[in-house]
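Novice: Supplied in structure tokens, the structure appears directly below.
The values are calculated or read from the model by the stated rules, or taken from the named source; none is laboratory data. The model shown is predicted, which means the values in this text are computed figures rather than measured ones. Because the Cβ atoms are built from the backbone with ideal geometry, glycine has one as well, and the counts that use them run over all protein chains shown. SASA here: full protein model, heavy atoms, side chains in, ligands and nucleic acids out. Shrake-Rupley method; radii C 1.70, N 1.55, O 1.52, S 1.80 Å.
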Amino acid sequence: MEIPASRIIKYVEYFKTNFLRPHFRAEEKILFAALKDKHVEKAITQHKEINSLVSKLSKNTDPNPVEQLEKLAELVDDHVRYEERQLFPHIEKELKPAQLEEIGKQLNEEHPLSKDEYDDEFWVKR
């Protein structure tokens, strides 16, 4: 069964508002503030690219939203891999354990994990 792009875009908008925007804001305000270098700048640039593409999808002006959704999935995947494989190990190497602990505490206070309660679970096979 093929899912209409419009349903996926609605979820992307929901996810941006409820998870992505707060997550990016917390990272940039707390985690990235501790270390300003090219590694952090690359992550911030990736945040901007992801936000820009989500905004473009929300405006619904693209004649091929499926292609844009695939591009978004690739951007997010690349960003997560960059953070996990390069940025976070770099930050752990550069900052002291006490700094990392304080940053972790601040991140949890600023953006605690919450449950995704979106009603249209189009990704679940029934």
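Novice: Based on DSSP loop calls and a cut-off of at most 13 other Cβ atoms within 10 Å, the longest stretch of the chain free of exposed GluC sites (Glu not before Pro) is what?
Specialist: Looking at the chain, 3-116 is the longest stretch - no exposed GluC sites (Glu not before Pro) with at most 13 other Cβ atoms within 10 Å.
Novice: At 1.4 Å probe size, with no ligands or nucleic acids counted, give the accessible surface of Ile9 in Å², nearest ten.
Specialist: Approximately 10 Å² for this residue.
Novice: Something else: Can you pull out the trypsin sites (Lys or Arg not before Pro) in region 34-105 whose DSSP state is coil and whose Cβ has at most 16 other Cβ atoms within 10 Å?
Specialist: Counting only loop positions with at most 16 other Cβ atoms within 10 Å, the trypsin sites (Lys or Arg not before Pro) in region 34-105 are Lys36.
Novice: With respect to the cross-link table entries Lys71/Lys115; Lys42/Lys93; Lys71/Lys93; Lys16/Lys71; Lys36/Lys56, which display a Cα-Cα separation exceeding 24 Å?
Specialist: Lys71/Lys115; Lys71/Lys93; Lys36/Lys56
Novice: Compute the acute angle (0 to 90°) between the alpha-carbon long axis of helix 65-82 and the principal axis of greatest extent of the alpha-carbon atoms of the chain; round to the nearest 10°.
Specialist: In the chain, helix 65-82 runs at an angle near 20 degrees to the longest axis.
Novice: With unit charges on the beta carbons (Lys and Arg positive, Asp and Glu negative) and the dipole taken about the Cα centre of the chain, which residue among Thr17, Thr61, Phe88 sits farthest to the positive side?
Specialist: Toward the positive end, the furthest listed residue is Thr61.
Novice: Could you sort His23, His111 by their accessible area in this structure, using a 1.4 Å probe and putting the largest first?
Specialist: His23, His111
Novice: What's the longest uninterrupted piece of the chain once you rule out the chymotrypsin sites (Phe, Trp or Tyr not before Pro) that are loop residues per DSSP with at most 14 other Cβ within 10 Å?
Specialist: Free of exposed loop sites, the longest segment is 1-117.
Novice: Ok, one more. Residue-wise, which Karplus ³J(HN,Hα) couplings in Hz belong to region 26-35, taking 6.51 cos²θ - 1.76 cosθ + 1.60, θ = phi - 60°, and x for glycine or proline?
Specialist: Those phi angles translate into 5, 4, 5, 6, 10, 5, 6, 5, 6, 8 Hz.
Novice: Once both axes come from the Cα atoms, what is the angle between helix 5-15 and the longest principal axis of the chain, in degrees from 0 to 90, rounded to 10?
Specialist: Here the helix axis deviates by roughly 30 degrees.
Novice: Which value, in Å² and to the nearest 10, is the accessible area of Ser6 when all protein chains are kept and the probe is 1.4 Å?
Specialist: Its accessible surface works out to 70 Å², give or take rounding.
Novice: Given a cut-off of under 8 Å on Cα pairs at least six residues apart, what relative contact order in percent is computed for region 15-119?
Specialist: 40 percent.
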